[in-house]
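Below: the structure, in structure tokens.
Computed from the coordinates by the stated procedures, all read-outs in this text should not be read as laboratory data. Owing to the predicted nature of the structure, the values given are computational and were not obtained by experimental measurement. FYI the Cβ positions are ideal-geometry reconstructions off the backbone, even for glycines, and counts take in every protein chain you see.
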């Protein structure tokens with residue numbers, strides 16, 4: 001059950017991007033997103049995750065660029081997702097299962113690597129609200145990888161004038177996972193030990 005809830009977060013590589021013909025390029029906004037990603041070295045936030053069936057889970061997100069992220073779910077949820085700079089790892093302690101994907105093959109790669117050229121991997125899509133900036137990414141050669149859409153609110157008090165509000169990931173089975181963020185804190189000290197995890201597999205190595 002918990003694997004299905006997070007599959008859309010980890011299964012969609014971002015190699016080449018295609019968008020509807022109606023989308024008008026906004027390079028200044030993409031540049032602003034790039035500035036935001038480069039400016040924010042660390043971020044912590046509370047998150048709310050909602051799946052297609054309406055199942056809601058909460059937890060704490062910790063991000064440290066480049067490449068590190070941790071989704072610590074609420075008490076009682078035997079699931080952990082950690083990016084250690086090389087791979088995105090999902091640990092299901094209930095069934096003692098560990099799954100790994102290269103960071104570059106994850107939709108979260110767009111958030112974790114500030115060196116990416118946004119003009120080559122993403123485009124701005126209409127939001128219907130001038131206060132909200134949406135960036136959508138998908139690989140037209142591999143529709144099975146799904147789509148990810150990042151949502152930023154324009155805010156003068158946030159880094160580069162943007163506040164990451166969350167994202168929506170849609171996989172090829174039409175399973176939608178929505179992440180909403182609150183209480184974002186930027187550029188506070190974050191230890192690399194935050195991204196360690198205990199391997200639940202019998203005699204598994206500690207990471």
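If I model a spin label as a point 7 Å beyond the Cα along the Cα-Cβ vector, how far apart are those points for residue 191 and residue 46 in nm?
2.4 nm
Once both labels are modelled 7 Å past Cα along the beta-carbon direction, what's the residue 199-residue 127 spacing in nm?
4.2 nm
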